[in-house]
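Asker: Pasting in a structure now, in structure tokens, and then I'll have a few things to ask.
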């Protein structure tokens with residue numbers, strides 16, 4: 001007998017759900033869903049706050065956990081666990097890697113996480129410690145990203161399982177996408193955006209707020225190029241212009257290198273800044289491989305002297321007989337000391353991946369900020385209106401508090417009391433309930449005064465918020481002002497030097513810029529820079545305060561040159577050292593006198609010994625009348641302009657034992673006046689034509705007759721055709737040069753010319769307790785003075801008497817300068 005089957009036939013409804021789908025269509029649809037998920041949920045940043053979802057979730061969760069900068073650190077593993085459990089449906093490795101990057105000062109221009117422990121090193125040469133060993137809390141800049149997030153400024157959406165709410169974007173009080181950049185690889189597209197300077201980006205955003213029709217060229221005046229966290233140099237700005245216009249472009253990053261004497265016998269290349277994302281170990285390994293393969297010559301040794309105190313310092317010793325500049329050109333060409341960065345500004349705008357230029361990036365952020373501030377103002381106005389409604393109800397009740405108490409006492413229950421109060425005073429239900437919930441102790445005369453004051457304050461705040469919401473101009477003004485406050489508090493000087501180029505190879509560096517006229521300036525604080533215009537005139541002026549210098553600076557020497565030329569630096573020991581002008585930082589063109597805040601220290605270009613200092617700058621033009629030099633022992637010399645191009649260091653005078661140069665200047669006509677001022681207050685002035693030019697090894701001739709015990713305090717060159725002054729400071733025996741004394745300012749024409757090697761005339765009468773000059777200077781007016789730290793010093797009124805006494809100084813004078 002056949003067994004009957006016990007399996008029932010499938011229901012008809014299940015058979016109807018079987019669909020015949022082409023595998024190509026199914027794969028295409030599934031792939032598109034996957035690609036969109038990767039693009040939107042993982043790989044690309046939002047153009048409004050510059051955040052990928054993982055970064056946004058980390059900052060929001062740290063804000064929710066109360067990990068503010070003034071709180072203690074917590075384990076990174078705790079933060080990662082909270083983010084993974086509540087918001088981010090991916091592995092802990094991805095979350096921790098994102099958190100680590102936000103804490104690295106060499107990856108972020110403005111770090112968002114304050115890390116405690118090993119968070120890795122430049123170039124990932126030293127990977128970060130595991131999250132169970134490291135600690136973190138929010139950095140101050142992270143507070144700007146989530147500021148006012150609890151005031152309905154942004155939309156929230158459910159998390160991956162619907163149990164939590166997370167922000168779709170952050171309020172972002174500054175343009176984070178441009179400031180910190182971003183990188184990511186999605187499906188079929190990628191983004192790679194370099195960091196920028198916070199102050200520059202905010203300045204461009206504020207200009208766009210004030211001038212909505214501003215073009216790209218105008219915005220690039222504020223944002224000339226990226227500002228990388230590791231500093232270095234950017235060579236070639238054409239690619240940056242392309243990227244700012246179209247969203248795509250490339251530029252070359254180059255290490256910052258100086259040629260220094262690293263040992264008694266050898267010179268070396270000292271690397272203090274590397275290209276973005278390049279670490280020293282990667283450079284060292286590449287150099288060793290090239291040396292072993294005999295593709296790189298002239299390298300004697302490579303030492304990594306990096307430490308926490310001095311930062312990056314990679315010393316590459318060059319063998320004797322090799323030109324350090326030529327070796328450096330090979331290093332730029334063959335090693336990661338020069339890398340290419342490809343800009344690809346892809347970001348999400350309204351959920352769509354778009355390639356954005358500089359103007360579009362700024363516009364998206366500005367529009368987002370308008371929306372945030374508008375929603376914040378509406379939220380605050382609603383809150384204040386609600387509070388004002390309650391305060392007005394309390395004030396109504398206080399007017400007839402006895403009647404309020406009678407109605408409450410005579411009522412059977414709270415509902416009856418509420419109805420009685422509403423009927424008697426015309427209050428709303430919300431006001432009535434608040435009155436019933438308020439303790440009787442608050443309903444006093446003193447609290448009435450407080451409530452009236454609060455009512456007036458709330459009314460004024462509501463009117464102000466309404467004015468902002470009703471006026472587009474006021475809204476723009478508020479957003480611009482808040483951005484200005486962020487820039488003032490968190491802005492830092494530019495780290496990366498921008499160098500114009502047409503894409504020439506590294507070995508042709510001097511040809512990367514046109515050989516235009518320029519002027520090389522040296523300031524009293526030892527800064528060197530070049531200007532873009534060789535015809536500009538500069539005066540010693542107050543300069544903007546910076547983090548590394550004082551509020552005042554004096555231009556003490558200037559010389560005309562060309563961008564690809566060289567100038568000489570004359571030192572107090574009689575040496576003349578060459579400086580390549582193209583290596584000097586260029587100051588922006590300005591109508592007024594420039595600030596040398598963008599300059600670089602002399603020590604970055606020259607190796608000075610002991611107390612040796614740079615006395616002046618000079619051109620190396622052999623057709624000029626030469627140099628005029630004055631020494632402490634009264635020797636004067638006119639140097640024949642003979643500067644062999646194959647020598648980096650020349651001797652311009654043979655000094656006697658114990659002597660040193662106190663002043664030097666380049667002559668332009670040969671008819672200028674040479675001025676000696678001695679410690680016993682004698683001033684000698686005579687024409688430079690009275691001094692016969694001598695060859696460089698010569699020791700000079702007698703310049704001024706010195707009394708016993710006297711020495712030269714100042715030697716300067718003055719053009720008699722210009723207005724000039726003489727400034728002297730007198731002090732007592734044992735007075736140091738930087739001590740206070742009595743000062744005198746006298747017109748230069750009050751002093752007659754005398755013959756060379758004579759004693760001159762008295763330039764200041766000593767007061768009681770004074771017996772010597774501690775400082776002196778003669779030069780073109782107007783004169784500006786500064787202390788050794790760069791603080792300005794007010795000078796006394798001009799005294800027409802050439803031998804008058806001085807007036808007390810408010811501060812000690814260390815340097816004086818005039819127009820150059």
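The values are calculated or read from the model by the stated rules, or taken from the named source; none is laboratory data. All values reported here derive from a predicted model rather than from experimental measurement. Methodologically, a virtual Cβ is constructed for each residue, glycine included, from the backbone with ideal geometry; neighbour enumeration extends over all protein chains shown.
Asker: Filter the stretch 258-269 down to the residues that are in contact with a helix residue (DSSP H, G or I) (Cβ under 6 Å, 6 or more places away or on another chain) and under 27 Å from residue 227 (Cα atoms) and list them by number.
Answerer: Once the filter is applied, which keeps residues that are in contact with a helix residue (DSSP H, G or I) (Cβ under 6 Å, 6 or more places away or on another chain) and under 27 Å from residue 227 (Cα atoms), the stretch 258-269 yields 258, 259, 269.
Asker: Return a yes/no flag: does the stretch 600-612 have any residue that is under 37 Å from the mean Cα position of the chain (by Cα) and at positive phi.
Answerer: Initially, the stretch 600-612 is screened for residues under 37 Å from the mean Cα position of the chain (by Cα), giving 600-612.
Those left that are additionally at positive phi: 610.
Yes, the stretch 600-612 has at least one match.
Asker: Does residue 689 satisfy the criteria of being assigned by TED's automatic domain parsing to the domain that holds residue 618, without any contact (Cβ under 8 Å) to a residue 60 or more places away in the chain and within 21 Å of residue 618 (Cβ to Cβ)? Spell out how you get there, then give the answer.
Answerer: Working: assigned by TED's automatic domain parsing to the domain that holds residue 618: yes; without any contact (Cβ under 8 Å) to a residue 60 or more places away in the chain: yes; within 21 Å of residue 618 (Cβ to Cβ): yes.
Yes: the conditions hold for residue 689.
Asker: Okay, moving on. Restricting to the stretch 563-588, name every residue that is in contact (Cβ under 8 Å) with a residue 24 or more places away in the chain, within 12 Å of residue 520 (Cβ to Cβ) and under 28 Å from the mean Cα position of the chain (by Cα).
Answerer: Within the stretch 563-588, 563, 579, 580, 581, 582, 584, 585, 586, 587 qualify.
Asker: Scan the stretch 767-781 for residues that are under 18 Å from residue 811 (Cα atoms) and assigned to a strand (DSSP E or B) and jot them down.
Answerer: 773, 774, 775, 776, 777
Asker: Here is a list: 349, 366. Which entry is touching a residue at least 40 places away in the same chain (Cβ under 8 Å) and closer than 20 Å to residue 472 by Cα? Even if it seems obvious, please write down each step before you answer.
Answerer: Numbers: 349 fails: closer than 20 Å to residue 472 by Cα.
From the options 349, 366, the qualifying one is 366.
Asker: Just checking: which of the strands (runs of 3 or more DSSP E) contained wholly in the stretch 117-224 hold 2 or more residues that are at pLDDT 95 or above, over 23 Å from residue 339 (Cβ atoms) and in contact with a helix residue (DSSP H, G or I) (Cβ under 7 Å, 6 or more places away or on another chain)?
Answerer: 135-138
Asker: A further question on this structure: Scan the stretch 219-230 and give yes if some residue there is without any contact (Cβ under 8 Å) to a residue 24 or more places away in the chain and surrounded by fewer than 19 Cβ atoms within 10 Å (Cβ to Cβ), otherwise no.
Answerer: Scanning the stretch 219-230, I find at least one residue that is without any contact (Cβ under 8 Å) to a residue 24 or more places away in the chain and surrounded by fewer than 19 Cβ atoms within 10 Å (Cβ to Cβ), so the answer is yes.
Asker: Another question, if that's okay. Condition test on residue 294, is it farther than 30 Å from residue 491 by Cα and not in a loop (DSSP other than H, G, I, E, B)?
Answerer: Criteria not met by residue 294.
Asker: With the structure loaded, tell me whether residue 705 is surrounded by fewer than 16 Cβ atoms within 10 Å (Cβ to Cβ) and modelled with pLDDT of 90 or more or whether it fails that test.
Answerer: In short, no.
Asker: Scanning for something within 34 Å of the chain's Cα centre (by Cα) and surrounded by 15 or more Cβ atoms within 10 Å (Cβ to Cβ), does the stretch 463-471 turn up at least one residue?
Answerer: yes
Asker: For the stretch 748-762, state whether one or more residues are buried (at least 17 other Cβ atoms within 10 Å of the Cβ), in a loop (DSSP other than H, G, I, E, B) and either in contact with a helix residue (DSSP H, G or I) (Cβ under 8 Å, 6 or more places away or on another chain) or not assigned by TED's automatic domain parsing to the domain that holds residue 802 (or both).
Answerer: yes
Asker: Residues being out of contact with any strand residue (DSSP E or B) (no Cβ under 9 Å at 6 or more places or on another chain), assigned to a helix (DSSP H, G or I) and touching a residue at least 12 places away in the same chain (Cβ under 8 Å): count how many of those fall in the stretch 79-94.
Answerer: 5
Asker: Further question: Among 600, 628, which is modelled with pLDDT of 85 or more and in the same structural domain as residue 518 (by TED's automatic domain parsing)?
Answerer: 628
Asker: Could you list, in sequence order, all residues of the stretch 782-807 that are part of a loop (DSSP other than H, G, I, E, B), under 43 Å from the mean Cα position of the chain (by Cα) and surrounded by fewer than 18 Cβ atoms within 10 Å (Cβ to Cβ)? If you could, list the steps in order and put the result at the bottom.
Answerer: Our first condition is that a residue be part of a loop (DSSP other than H, G, I, E, B); within the stretch 782-807, this holds for 782-783, 787-791, 794-797, 799-806.
Okay, now just the ones that are also under 43 Å from the mean Cα position of the chain (by Cα), so 782-783, 787-791, 794-797, 806.
Within the stretch 782-807, 782, 787, 788, 789, 791, 794, 796, 797 meet the criteria.
Asker: Further question on the same structure: Filter the stretch 547-562 down to residues that are outside any strand (DSSP E or B) and at pLDDT 55 or above and give me whichever is farthest from the chain's Cα centre (by Cα).
Answerer: Per the stated criteria, the residue is 554.
Asker: Among 745, 706, which is assigned by TED's automatic domain parsing to the domain that holds residue 617, closer than 26 Å to residue 636 by Cβ and in a strand (DSSP E or B)?
Answerer: 745
Asker: Inside the stretch 314-349, can you point out the residues that are touching a strand residue (DSSP E or B) at 6+ places or on another chain (Cβ under 7 Å), surrounded by fewer than 16 Cβ atoms within 10 Å (Cβ to Cβ) and either modelled with pLDDT of 85 or more or under 22 Å from residue 196 (Cβ atoms) (or both)?
Answerer: Selection gives 340, 342.
Asker: I would also like to ask the following. State all residues of the stretch 300-330 that are under 34 Å from the mean Cα position of the chain (by Cα) and in a strand (DSSP E or B); if no residue qualifies, say none.
Answerer: 301, 302, 303, 304, 307, 311, 314, 315, 316, 317, 318
Asker: Inspect all residues belonging to the stretch 800-807 and state whether any of them is closer than 29 Å to residue 521 by Cβ and in contact with a strand residue (DSSP E or B) (Cβ under 6 Å, 6 or more places away or on another chain).
Answerer: no
Asker: Identify all residues within the stretch 55-88 that are closer than 20 Å to residue 148 by Cα and surrounded by fewer than 19 Cβ atoms within 10 Å (Cβ to Cβ); write none if there are none.
Answerer: 64, 65, 66, 68, 69, 70, 71
Asker: A further question on this structure: Quick one: which strands (runs of 3 or more DSSP E) lie wholly within the stretch 606-689 and hold at least 3 residues that are crowded, with 18+ Cβ neighbours inside 10 Å?
Answerer: In the stretch 606-689, 614-619, 627-631, 635-639, 661-666, 673-678, 682-687 are the strands (runs of 3 or more DSSP E) which contain 3 or more residues that are crowded, with 18+ Cβ neighbours inside 10 Å.
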